[in-house]
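The values are calculated or read from the model by the stated rules, or taken from the named source; none is laboratory data. Keep in mind that this is a model prediction, so the values were computed, not measured. Note: ideal-geometry Cβ built from the backbone for every residue, glycine included; neighbour counts use all protein chains shown. Ligands, DNA and RNA are excluded from the accessible area calculation, which covers all protein heavy atoms including side chains. Shrake-Rupley method; radii C 1.70, N 1.55, O 1.52, S 1.80 Å.
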Amino acid sequence: MMIRLHQFLWRLLLQLTLRCIRRIYRWDRPDEMVRPFFDQYASKWLRKKFNYARKENKQPKWMADDDWAGLLEYWATYEFRKKSTQNKANRLANPVAVNTIYCGGSSSMGEHKRKLEAQLGRPSQRMEVFAACYKKKADGS
């Protein structure tokens, strides 16, 4: 029940944020085209804010007291702690994700693929594009 409520609140918060942004910004494309990008970036922003709030145990100024209490209750559940622990183990178990950093700048992977193919004079493999865009961390951590 709590997880379903959390998912509902997440979607509602995304919708409210989009409504607020529409008051300030305009775009020349239909919402159906813009919405996936907004959801992606807004979700990333909210996730960072929630992670910070949880780690620091500090209520964001923009969050109502009853919503904060609900989040604290959700974060204290066995299901959340289990999922969090499993996700942490999954991230640490993937040495490629832990020991590499993205060095491709603001160019898309498709753009890097096209540049690499022009450089090589042949179609590139996915691992070649990955190797060109990701480098091992210097300290190996």
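Results, tabulated for the structure shown:
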{"item": "The listed residue being among the charged types (D, E, K, R) and modelled with pLDDT under 85, out of Lys136, Lys82", "result": "Lys136"}
{"item": "Scope the range 42-63; condition outside any helix (DSSP H, G or I) and surrounded by fewer than 10 Cβ atoms within 10 Å (Cβ to Cβ); matching residues", "result": "Asn57, Lys61, Trp62"}
{"item": "Residue pairs meeting the criteria (Cβ under 6 Å; at least 6 apart or on separate chains; first farther than 20 Å from Asn87 by Cβ, in the range 33-60; second β-branched (Val, Ile, Thr))", "result": "Ala42/Thr17"}
{"item": "Condition broken by Arg35, with the remaining ones in (1) open to solvent by less than 60 Å² (accessible area, probe 1.4 Å); (2) outside any loop (DSSP other than H, G, I, E, B) satisfied", "result": "(1)"}
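One line per residue, one yes/no per condition, for (1) closer than 22 Å to Lys49 by Cβ; (2) surrounded by 10 or more Cβ atoms within 10 Å (Cβ to Cβ); (3) modelled with pLDDT of 85 or more:
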position	(1), (2), (3)
Gly105	no, no, no
Gly110	no, no, yes
Leu116	no, yes, yes
Ser141	no, no, no
